[in-house]
Number of protein chains: 2
Amino acid sequence: MKKIILGVLLLLFAGVAQAQHITIARQGHFSVGGQTIQRLGKYDNSKFVGWAEQEETGQSYRADHAFVDFQIPADSKKLPLVYVHGYGGSGVCWQMTPDGREGFATLMLRRGWSSYVVDLPGRGRAGRTSATTTAKPVADEMFWFDIWRIGVWPNFNEGVQFPKDSTSLSQFFREMTPDLSNHQLDVPALGALSERIGDHILVTHSAGGFSGWMSAMQNSEVKGVASYEPGGFVFPEDEVPERIDGLTGGVAGIAVSMEQFKRLTEIPIILYFGDYIPETPSKNLGDENWRVRLQMARKFVEAINRHGGNATLVELPKIGIYGNTHFLMQDLNNAELADLLDDWLLKSKLN
Amino acid sequence: MKKIILGVLLLLFAGVAQAQHITIARQGHFSVGGQTIQRLGKYDNSKFVGWAEQEETGQSYRADHAFVDFQIPADSKKLPLVYVHGYGGSGVCWQMTPDGREGFATLMLRRGWSSYVVDLPGRGRAGRTSATTTAKPVADEMFWFDIWRIGVWPNFNEGVQFPKDSTSLSQFFREMTPDLSNHQLDVPALGALSERIGDHILVTHSAGGFSGWMSAMQNSEVKGVASYEPGGFVFPEDEVPERIDGLTGGVAGIAVSMEQFKRLTEIPIILYFGDYIPETPSKNLGDENWRVRLQMARKFVEAINRHGGNATLVELPKIGIYGNTHFLMQDLNNAELADLLDDWLLKSKLN
């Protein structure tokens with residue numbers, strides 16, 4: 001009897017210890033979407049045709065797909081999260097942090113949410129495209145340090161949720177990767193992903209935000225959208241607000257049909273914006289790039305709700321969460337942001 | 001008492017059910033190696049300098065690193081496996097199969113082996129390099145179908161361990177991705193990885209095989225090497241065999257100092273080659289590319305063992321395993337190959 005109780009206790013203890021681990025039922029990678037280019041002519045197996053582009057080799061070339069890295073935890077929530085990256089990088093921004101803490105997708109896995117992390121066409125593992133593109137070593141890191149509100153180079157913003165050691169900064173910049181696409185492939189790729197995996201929730205970032213709104217309007221499989229600092233916004237064609245000007249080019253609303261827009265009123269939507277975004281014009285690139293976008297985001301959320309939708313704009317400093325950069329999902333408080341998202345998903349009955 | 005026994009049985013059953021899952025203690029991504037390019041001049045925060053390459057922007061650019069995707073299972077073996085891909089693709093070849101079965105790294109995770117899957121510089125997520133490189137849509141898939149011994153296009157090899165549906169073939173080809181590097185960065189990146197993670201076992205493929213030998217000779221952290229159809233081989237400078245000619249260019253041994261070569265005699269090494277490799281010259285590209293390499297592999301293994309080493313060459317058809325292409329790790333029998341590797345690692349006391 002004592003032995004049996006000891007056995008039960010040991011097994012229970014093993015269960016508690018395992019709770020710190022992530023239990024994965026399935027994981028893998030696959031591509032979605034894209035096209036197949038077929039050259040004219042007849043392929044000749046006996047000779048090597050060389051590497052230069054040739055017209056009549058009779059060979060094919062698959063291109064313009066996205067790549068997807070997925071993990072399904074044991075006892076996962078029903079709806080998976082599809083992570084869409086923004087400009088300049090790949091899906092890796094959702095899977096790591098500059099200082100080695102867990103990536104956002106892993107934090108959400110621990111909360112029971114399956115992940116589908118996308119490398120959009122032309123980036124990361126989705127490198128084969130139909131475009132001819134030249135990648136050049138254009139030094140731009142100080143510019144992005146500013147634009148992404150880590151600080152005003154070489155100074156970090158006061159209280160910033162970004163690690164200040166040089167190794168972390170190096171890891172962060174090395175997440176950037178060229179875009180080898182013709183820049184019009186993101187939305188079709190998200191459509192192909194919808195077809196493959198069915199119902200899901202989009203979690204988008206920055207330039208990926210616009211592709212997310214487009215996918216939600218086109219694919220009934222999108223059951224909700226959480227967007228971290230989206231860069232672009234859609235409006236019903238008769239209700240596009242005036243362009244908002246700013247030092248980095250400002251932002252204009254994009255017109256879509258009322259029928260399309262209405263689709264965004266049928267699903268729960270949340271937008272998160274971080275810290276250091278001023279209300280009035282500034283001389284700083286990072287201030288300016290997000291001041292205009294936050295203002296347009298407010299109009300976007302108003303428009304959705306005016307038409308009967310359920311959109312929420314969370315300006316993090318207004319709820320007492322300070323120091324977030326544009327890369328909120330990697331910031332030092334990303335576990336707190338994962339809790340916020342988890343709460344919203346459950347409250348919105350998206351599990 | 002009955003309730004307690006029932007409780008124990010239920011917990012034991014839960015334990016068995018969980019055995020089908022993978023229990024991950026830690027996972028993430030990081031970059032290793034590379035350089036930082038620093039442009040002259042002083043960075044001006046107030047103006048946008050544009051995208052064209054400019055000399056005096058005062059900005060920096062991190063480049064030439066590798067990217068690493070790691071997973072550490074609970075109760076992992078002590079030494080992790082570092083997966084090095086070959087020409088034309090990224091680390092994704094170790095993480096998926098064309099038909100959606102589990103990738104090789106996941107199969108090995110299930111056997112307790114931690115994985116570090118590398119995207120070598122210029123490929124996949126490691127896209128920023130110091131080179132200026134143009135990616136073009138050069139149609140080449142039939143060529144690779146042949147070279148990688150899936151068959152002689154459009155026919156599959158008889159009994160081939162490759163799924164014959166068009167979706168799988170498409171997934172397979174879409175794993176290819178451009179190389180944006182200057183082609184001399186792989187070995188330094190593996191050195192930087194050795195420094196970061198310490199002792200490990202290399203699992204290499206194809207062109208990655210040569211970088212693996214170089215890393216093993218330069219980094220004492222490499223405690224063993226398993227190489228799937230390596231494309232290149234090193235020999236002591238006075239013992240380089242004659243070049244072996246063939247239809248796709250043949251293969252020459254690469255000379256290294258005896259002191260360097262000796263390092264390969266101090267660690268367990270295994271090489272695996274698949275099916276459809278003839279002994280005598282052929283008119284087929286795939287036959288020819290691997291006929292010469294298998295012959296050179298035999299000389300390489302002989303050289304290591306002649307100098308007191310412990311190298312094994314496994315020609316799979318000779319042990320009754322048939323149908324393997326050049327992408328053995330993805331083939332339909334990859335779970336059987338994972339068992340073979342697991343057995344060898346344990347027998348070689350590399351756990």
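The values are calculated or read from the model by the stated rules, or taken from the named source; none is laboratory data. Small disclaimer: the values here were computed from a predicted structure and weren't measured. Quick reminder, even Gly has a Cβ in these numbers, built from the backbone with ideal geometry, and neighbours come from all protein chains shown.
Suppose we keep only residues that are of a type in the set (V, I, T) and part of a loop (DSSP other than H, G, I, E, B) within region A:54-99. Which one would you say is farthest from the chain's Cα centre (by Cα)?
Per the criteria, the residue is A:T57.
Condition check: crowded, with 24+ Cβ neighbours inside 10 Å, touching a helix residue (DSSP H, G or I) at 6+ places or on another chain (Cβ under 9 Å) and basic (K, R). Does A:R101 satisfy that?
Here the answer is no, as A:R101 does not meet what is asked.
Going by what's in this entry, would A:M96 be described as aliphatic (A, V, I, L, M), facing chain B (nearest Cβ under 8 Å), crowded, with 22+ Cβ neighbours inside 10 Å and under 20 Å from B:F70 (Cα atoms)?
When the stated conditions are applied, A:M96 passes them.
Considering only residues of region B:106-130 that are part of a helix (DSSP H, G or I) and either touching an Asp or Glu at 6+ places or on another chain (Cβ under 9 Å) or over 17 Å from A:V68 (Cα atoms) (or both), which is farthest from the other protein chains (Cβ to nearest Cβ)?
Checking each candidate, the answer is B:M108.
I'd like to check something: does region A:132-148 contain any residue that is more than 8 Å from chain B (Cβ to nearest Cβ), farther than 21 Å from A:T248 by Cβ, in contact (Cβ under 8 Å) with a residue 60 or more places away in the chain and out of contact with any His (no Cβ under 7 Å at 6 or more places or on another chain)?
No, every residue in region A:132-148 fails to be more than 8 Å from chain B (Cβ to nearest Cβ), farther than 21 Å from A:T248 by Cβ, in contact (Cβ under 8 Å) with a residue 60 or more places away in the chain and out of contact with any His (no Cβ under 7 Å at 6 or more places or on another chain).
What are the pairs with Cβ atoms under 9 angstrom where one residue, in region A:244-268, is at positive phi and the other, located anywhere, is outside any helix (DSSP H, G or I) and of a type in the set (K, R)? Sequence gap at least six, or different chains.
The qualifying pairs are A:G250/A:R243.
Tell me, which residue of region A:155-172 that is of a type outside the set (S, T, N, Q) and without any contact (Cβ under 8 Å) to a residue 12 or more places away in the chain is surrounded by the most Cβ atoms within 10 Å (Cβ to Cβ)?
Taking the candidates together, the pick is A:F156.
Looking at region B:85-97, is at least one residue farther than 29 Å from B:W144 by Cα and modelled with pLDDT of 95 or more?
Checked against the condition, which is being farther than 29 Å from B:W144 by Cα and modelled with pLDDT of 95 or more, region B:85-97 yields no hits at all.
Applying the selection to region B:272-293, what residues are within 20 Å of B:G320 (Cα to Cα), in contact with a strand residue (DSSP E or B) (Cβ under 7 Å, 6 or more places away or on another chain) and free of Cβ contacts under 8 Å to residues at least 60 places away in the same chain?
B:F273
State whether one or more residues within region B:295-317 are within 14 Å of another protein chain (Cβ to nearest Cβ) and within 23 Å of the chain's Cα centre (by Cα).
no
Yes or no: A:F104 modelled with pLDDT of 95 or more and not small (G, A, S)?
yes
Could you grab me the full set of residues in region B:222-257 that are touching a His at 6+ places or on another chain (Cβ under 8 Å) and more than 17 Å from B:I201 (Cα to Cα)?
B:P236 - this is the single residue of region B:222-257 that is touching a His at 6+ places or on another chain (Cβ under 8 Å) and more than 17 Å from B:I201 (Cα to Cα).
From the set of residues in region B:176-194 that are part of a helix (DSSP H, G or I) and free of Cβ contacts under 8 Å to residues at least 60 places away in the same chain, which is surrounded by the fewest Cβ atoms within 10 Å (Cβ to Cβ)?
Within region B:176-194, the match that is surrounded by the fewest Cβ atoms within 10 Å (Cβ to Cβ) is B:V187.
Is one or more of the residues making up region A:64-83 basic (K, R) and at the interface with chain B (Cβ under 10 Å from one of its Cβ atoms)?
no
Inspect region B:306-328 for any residue being of a type in the set (A, V, I, L, M, F, W, C) and either exposed (fewer than 15 other Cβ atoms within 10 Å of the Cβ) or free of Cβ contacts under 8 Å to residues at least 12 places away in the same chain (or both) and give the result as yes or no.
Yes; the residues of region B:306-328 include at least one that is of a type in the set (A, V, I, L, M, F, W, C) and either exposed (fewer than 15 other Cβ atoms within 10 Å of the Cβ) or free of Cβ contacts under 8 Å to residues at least 12 places away in the same chain (or both).
Please list, ordered by first then second residue, the pairs with beta carbon atoms under 8 Å, 6 or more apart or interchain, first in region A:77-93 and at negative phi and charged (D, E, K, R), second crowded, with 24+ Cβ neighbours inside 10 Å and in a loop (DSSP other than H, G, I, E, B).
Between residues of region A:77-93 that are at negative phi and charged (D, E, K, R) and residues that are crowded, with 24+ Cβ neighbours inside 10 Å and in a loop (DSSP other than H, G, I, E, B), the close pairs are A:K77/A:W113; A:K77/A:S114.
Could you list, in sequence order, the residues of region B:294-351 that are under 13 Å from B:M108 (Cβ atoms), modelled with pLDDT of 95 or more and in a loop (DSSP other than H, G, I, E, B)?
Of everything in region B:294-351, just one residue is under 13 Å from B:M108 (Cβ atoms), modelled with pLDDT of 95 or more and in a loop (DSSP other than H, G, I, E, B), namely B:L350.
Between residues in region A:196-225 that are touching a residue at least 24 places away in the same chain (Cβ under 8 Å) and over 16 Å from A:A66 (Cβ atoms) and residues that are crowded, with 22+ Cβ neighbours inside 10 Å and of a type in the set (S, T, N, Q), which pairs lie under 7 Å by C-beta distance while being six or more apart or on different chains?
A:G209/A:S227; A:V225/A:T204
Quick check on region A:23-49: of everything there that is in a strand (DSSP E or B) and crowded, with 20+ Cβ neighbours inside 10 Å, which residue is farthest from the other protein chains (Cβ to nearest Cβ)?
Top of the filtered list is A:V32.
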